[in-house]
Amino acid sequence: MTIYIEGKACECDKGEYLLDVAQRNGVFIPTLCDHKGLAGQGCCRVCIVEIEIRGWSNVVTSCVYPVEQECKVYVNSDKIMRQRGMILSLLYKRAPESKEIEQMCRFYKTPELPRLKQQGGNRCIMCGLCTRACMALGSGAITTAYRGTEKAIATPYDEPSADCIGCGSCAKVCPTNAIKAEEGQDFRRIWGKTFRLMRCTECGEVIGTPEEIEYTAQKLSMEPAVLCEACRRKKIAAVMAHTYGENE
Amino acid sequence: MSRIILVCCGTGCLANDSMKVVEALREQIALDRRDAQVQAVIKETGCNGFCENGPIVKIMPDDISYYKVKPADATAIIGSLGGEPVERLLYRGADGKRVKSQHENPFYSPQIKIALRNIGVIDPGDLQDYISRGGYEALKKALSMTPEEIISEVEASGLRGRGGAGFSTGRKWRTAAGYDNFPKYIVCNGDEGDPGAFMDRSILDGDPHSVLEGMAIGALAVGAKEGFLYIRDEYGLALRNVQKAILDAEKAGILGDSVMGGPHSLRLSIVRGGGAFVCGESTALMASIEGRVGEPRAKYIRSVQRGLWDQPTVLNNVETLANIPVIIQDGGSQFARIGTEKSKGTKVFALVGKVKRTGLVEVPMGVSLRHLIYDIGGGIINDRPFKAVQTGGPSGGCIPAHMLDLPVDFDTLTEYGAMMGSGGMIVMDDRSCMVEVARYYVNFLCEESCGKCTPCREGLRHMRDIMTDICEGRGRDGDIELLEALCETLTDSALCALGKSAPNPVLTTIRYFREEYEAHIKRSICPAGVCKSLTSFYIDKDKCMGCSLCKRQCPVGAVSGELKATHAIDGDACISCGGCREVCRFEAVKTTGRCLV
């Protein structure tokens, strides 16, 4: 089936998410809470677009909107620019310290809205991507707490979580760099918990926290890793060479 | 001849000691047993809907209704059985005359009871009582029908979801039945959370089997073998009665492994809601049943296709389900005779606020707001002017006086910016500030929003801040326009129905009461005299009769004046509580802006 995004003809299958179709065809739709490895949630809502089906137009969230029939899609219509501008302005009020949001606001020339109060120094936009990453990995150490305007990302009861393995995935997926993982020579501090850092037995490169290595090993029924990625490859290459190559 | 004494043991009457009335009546019957002319049986029933006049006691078959019954009245009631009714306990109509039966009571006489048909008549804890009123006959009939026939019947009835959105129930069932993907689930939404609404509670309390029967028929139609009733945990009596009803029905072979001895099975269980308003939204409710955080998801893929655990799921509201047995039993076309062209049947409303008679009323779709408020509700308390009625709960809108003749149905209310919602109806008089009312609802939604999507979480917070500013005299030029812009963003781009409809109270009050907003912002006056920061009270010397009622009412001693002489209010001491104005019988207490006095 063919849909038209910003006038560009795009081939897609029924049921594909609109955002995926646009990205595959090189049409840019801004996103914040979208991550390729995790299912779309439609939290941040900056990826809203206007679709037109048989003359009826509607605002939809492209990351979770499955294409069911032929349609025209407008990524930057007047209506969308107005709404996206408002949404970005609102996010900026919540996360005034986020450089990413500031840049997006500048790019989309969003209204400043001096009348609205700022939330206070913060970078988090409450998209919940971190909690979804944590859940997808299976530890579920952080989650959203409370609801409504009081919503927060937290470990249970704000105590250091027994389930946290210090992998730092939450920090890595965060679109606004709001999660601080403090890292020293031989420790990593995140969510109020300090972890030792293990180093590659060959080259001394950081390979993760003991909890993380143990967790991965258990999940994959393997021996806990002791080498970094580069040294592991070298070792495998050596084994291969020994088995199939130079020995003969 | 024996008599049945029906004592209302709905939540409202229980709070007014109706259990003590039951005990007193029992004792009295036991005392009188030896020389009693008439035999009497006591039955504890569900809510009669006229809670402000509870506890309600009815004598059948004489059809006598007593109101505000005290345990001490037991002797008189039992003594009068078979004779003249106890005059002082009868309802006093507007003309001062006492009326004997419910049919003569102006609160009840215009009502047509379908969803509430058994409530107040049967003992909700007694399965036999339900069966004796024709209960489970519809299920028996449905078992002899094909799913297609059941769905056609429901479609013919024109029944639309009573939870708020008004989606066609028949169409929902047809879509769910069309998916060849098992297992399927049927869910009853009993997470009623609108402030002031209690129709679902009343049905679950007072006639739980009707809901179970509706679910069983729905399960047959769509091919579900498992069902859940999601009931909020605050509804203690409902939980107890529904649990008992499920057990009784299973024991009697009506539900369970073999529905009425046939080849179908249906397991129903209760899931208790944890008190989140947003869990009344279907997808959030399902997330909650699954054990996840109660947050809605985008509904581009409908729950009938992928709902609970990604399986086809039919979710219906309590009141919708309670209508189903009647539709199957009497036929869809019979049901469709009541109501308007596009809204069929009856609707239960929780009529509350500044009306003389408050309570649960079931009326045909399409009656006018005026009929509801003036004929059934008896008009505004103290005959003050009507100002607005807020329909549809926190996401509904406020409808002003010049639109009182609008018919109440799904489409008309939506057209005018309000909505049917679950049927809450809060009546306001001229002493209600519409800005403050809108602020109240925005604040409610701020607390109850799940906080998942940006427009709802952030937009509502700022709307609340602006509304609070306006109510406290810090409103600025441009605030109304800014509110409208925020509302547009919410309506168009919020994730779920809660966010999308959250602007309704603000938008309708701006639309119909814009001058009130402007008075707050530009003139620093609250015309209704409600917003404390913008209101000061004074006494009109020409009207004051010196009765001193206000002086006695004032909690801070701010009113001065001798009996029979004009009174005055000390502005510095006054805390603007409005108590003096409430009690004054001569309209002598007036309000004005803060800075003017």
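Just so it is clear, none of the values below were taken in a lab; they were calculated from the coordinates. Since the structure is predicted, the reported quantities are computational estimates derived from the model, not experimental observations. Heads up, the Cβs are rebuilt from the backbone with ideal geometry, glycines too, and the neighbour counts pull from every protein chain shown.
Couple of notes before you dig in:
- A:GLU68-B:TRP309 FRET efficiency (beta carbon distance; Förster radius 22 Å; 0.05 resolution): 0.45
- Cα gyration tensor, chain A - rounded (a/c under 1.5), prolate or oblate: oblate
- Summing charges over neighbours of A:GLU102, with a neighbour being any other residue whose Cβ is under 14 Å away from its Cβ, gives +3 when K and R count +1 and D and E count -1.
- For chain B, relative contact order (Cα pairs under 8 Å, six or more residues apart, normalised by length) works out to 11 percent.
- Peptide A:73-86 is shielded by partner chain Cβ atoms: per residue, an average of 2 of them sit within 10 Å of its Cβ.
- 5 angstrom amide H check on B:THR45, placed H, neighbours 5+ away: B:VAL7, B:CYS8, B:CYS9
- Loop-located chymotrypsin sites (Phe, Trp or Tyr not before Pro) in the range B:238-315 whose Cβ has at most 15 other Cβ within 10 Å (DSSP): B:TYR300
- Amide H contacts for B:ILE270 (H built 1.01 Å from N in the peptide plane; partners 5 or more residues away or on another chain; cut-off under 5 Å): B:LEU229.
- 30 Å Cα-Cα threshold exceeded, pairs from A:LYS8/A:LYS109; A:LYS14/B:LYS172; B:LYS172/B:LYS387; B:LYS141/B:LYS244: B:LYS172/B:LYS387
- Beyond 21 Å in Cα-Cα separation lie the following of the pairs B:LYS140/B:LYS347; B:LYS251/B:LYS347; B:LYS113/B:LYS500; B:LYS20/B:LYS251; B:LYS20/B:LYS356; A:LYS93/B:LYS452: B:LYS140/B:LYS347; B:LYS251/B:LYS347; B:LYS113/B:LYS500; B:LYS20/B:LYS251; B:LYS20/B:LYS356.
- Chain B shape via C-alpha gyration tensor axes, a/c threshold 1.5: oblate
- Coupling constants for the range A:183-194 follow from the phi torsions by the Karplus curve (6.51 cos²θ - 1.76 cosθ + 1.60, θ = phi - 60°), and in residue order they are 10, x, 4, 9, 8, 9, 10, 8, 6, x, 10, 9 Hz; glycine and proline get x.
- With a Förster radius of 25 Å applied to the beta-carbon distance between B:SER2 and B:GLU234, the computed FRET efficiency rounds to 0.05.
- Relative to the longest principal axis of the Cα atoms of chain A, the long axis of helix A:229-244 makes an angle of roughly 60 degrees.
- Amide proton proximity set for A:ILE153, modelled H, under 5 Å, gap of 5+: A:ALA145
- Working note: Karplus 6.51/-1.76/1.60 with θ = phi - 60° gives the range B:412-424 the couplings 5, 4, 4, 4, 9, x, 9, 7, 5, x, 8, x, x Hz, where Gly and Pro are set to x.
- 10 Å beta-carbon shell around B:GLY273, net charge (K/R +1, D/E -1): -2
- Placing dummy labels 7 Å off each Cα toward the beta-carbon, the span from A:GLU182 to B:MET545 is 7.4 nm.
- For the residues of B:490-496, the average number of beta carbons from a partner chain within 10 Å of their own beta carbon is 5.
- Seen from A:ALA178, the other residues with C-beta closer than 13 Å to its C-beta sum to a net charge of +3, counting Lys and Arg as +1 and Asp and Glu as -1.
- Helix axis angle, A:78-94 relative to chain A longest principal axis, alpha carbon, degrees: 50
- Computed E for A:VAL206/A:ALA238 - FRET, C-beta separation, R0 25 angstrom, nearest 0.05: 0.65
- With an a/c value under 1.5 for the gyration tensor axes a ≥ b ≥ c computed over the alpha-carbon atoms, the range B:347-406 is described as rounded.
- Dividing the summed -39500 (n - 2.57) terms of all DSSP H runs of n ≥ 4 by the residue count of chain B sets its mean residue ellipticity at 222 nm at -10500 deg cm²/dmol.
- Karplus-based coupling profile of the range A:133-144, in residue order and whole Hz: 5, 4, 5, 5, 6, x, 8, x, 7, 10, 7, 7, with θ = phi - 60° in 6.51 cos²θ - 1.76 cosθ + 1.60 and x standing for Gly or Pro.
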